[in-house]
1. Going by average Cβ density within 10 Å per residue, which order do the peptides 168-175, 410-417, 291-298 take, highest to lowest?
2. Between Ile340 and Leu475, what is 0.36 nm times their sequence separation minus the Cα-Cα distance? Round to one decimal in nm.
3. Rounded if a/c is under 1.5, else prolate if a/b beats b/c, else oblate: with a ≥ b ≥ c from the C-alpha gyration tensor eigenvalues square-rooted, which is segment 271-469?
4. Please turn the phi angles of segment 136-152 into ³J(HN,Hα) values with the Karplus equation 6.51 cos²θ - 1.76 cosθ + 1.60 (θ = phi - 60°), one per residue in order, whole Hz, x for glycine and proline.
5. Among 339-349, 101-111, how do they line up by average Cβ neighbours within 10 Å per residue, starting with the highest?
6. By per-residue mean of other Cβ atoms within 10 Å, what is the highest-first order of 466-474, 374-382, 353-361, 424-432?
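Every read-out reported here was derived from the displayed coordinates using simple, explicitly stated rules and does not represent laboratory data. The model shown is predicted, which means the values in this text are computed figures rather than measured ones. For neighbour counting, all protein chains shown are included, and Cβ atoms are generated from backbone atoms with ideal geometry for every residue, glycine included.
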Amino acid sequence: MVEITSSHEEDSLHGESLPPPPDMNEDNDVIEEHVGGIGGECEDIQLTGCGASACCDPRKGVYRFSALFFMCLGFGSYFCYDTPGSLQDQIKDDMGVNTVGFASLYSLYSWPNVVLCFIGGFLIDRVFGIRWGTIIFSTLVTVGQFIYATGAVTNQFWLMQTGRFVFGVGGESLAVAQNTYTVSWFKGKELNTVFGLQLSMARVGSTVNFLSMGPIYAWVDTFADGYKTLGISLLIAGATCIFSLICAVILGLLDKRRSKVLGIAESGEKVQLRDILTFPLSFWLLCVICVSYYVAIFPFIGLAKVFFMRKFDFDEASANGVSSIVYVISAFASPILGYIVDRLGRNILWVFIAVLVSFAPLPSHGAMSVLGLAYSLLASALWPMVSLIIPEHQLGSAYGMMQSIQNLGLALISMLAGLIVDLKGYLVLEMFYMIWLCVALISTVVMWLTDSASRGVLNLTVAERRNRESDRERLLSS
């Protein structure tokens, strides 16, 4: 569950663009009023009454940051995404399934998004629009969660699988919509901080899930039995999806007012499949690093609870707590590390460090803590590199391809990991994940060498990148 954006101009992303330039006959003062501040905010519109207050004026920071609360609409999706992980033993016992069947609850989320990451942005930009698209995808997430819970209540595992599939159809596209809103509202220097906060909120959702679903199941078990206990627990978890849906509706209303006041028009640019034919080698290496590192993290977290109970003799509460450490650490570390990378540059170096420290042979709590820091650092340094090597008008295709490859890898590896546990045990599973980390490390080194040989910008400092861009502009203008 990772962020993607699509852009086609410096100040126009995912269907939002600056208002048309003023008539050239107007004087300079009027022009400045039309241009406004970051994001094309028109300062010449006069608001009166309550609408003129800071909390109701889209041109003010208070309004934007008030909307930021509702942009955390992915909380319910991330909370419910990991309900199988936090209730692994209960699902296997109550529903009578093996580890492969359990792992399908994750892979069925990822499978539809192998293709939906391509078309999700298109549906938002050209069919639904950002507001209706967000509401529709949030509705799919909510409906999928309740189908999933109903399957448990009725002791129908196939219905639970169907619910996870529907949940997945809406989940990743909702993340695209959330990123679209974020870019539209927080252009400029606020953007990186807000993206870090969004990632933190996603991790908080998963963390709260791991810490709360066990106690919720235990409480429900006092008045229900067997699979009904599981079903009622999942229905309670679905309340977070309803919260996210309400956020989507309110955010749509806020965005409608913002567009009206600021005079923001909509654009219809869509992702082009043929764009992928022009992508350089470094982009495909980024995809390999992304999928090889992520498949060593997220499928492991899904199976980590029982892993720690079997190998270290942890009780259920302790195992859930250790499993959630990665999410807890990343919730706090992501915006801080993102800020550091933004200030220092040298993205490849940070990715190399993140992959390397993931091999650290530490005790369970220490290993999961380091893994949380490494994941936060890698995500902060890896995803922005796409914008450094792909033209802006092709970023949607690039992020869509990268996300699709990631989801394909997660779907396949989740199923394979479950099969390995059933047939060979957890020691072989550990070696399996180590192999994928080795692939990520080798790919990072190859990308570093390739970028250096071609005088690329991926490992330059921020100042060096600015100088390189200035030199290029001077050459083009001469």
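1. 168-175, 291-298, 410-417
2. Result for the pair: 45.5 nm of gain on full extension.
3. Verdict is prolate for segment 271-469.
4. Working through the residues one at a time gives 5, 5, 5, 5, 4, 4, 5, 4, x, 5, 6, 5, 4, 5, 5, x, 5 Hz.
5. Ranking, from highest mean packing down: 101-111, 339-349.
6. For the peptides 466-474, 374-382, 353-361, 424-432, the packing ranking is 374-382, 353-361, 424-432, 466-474.
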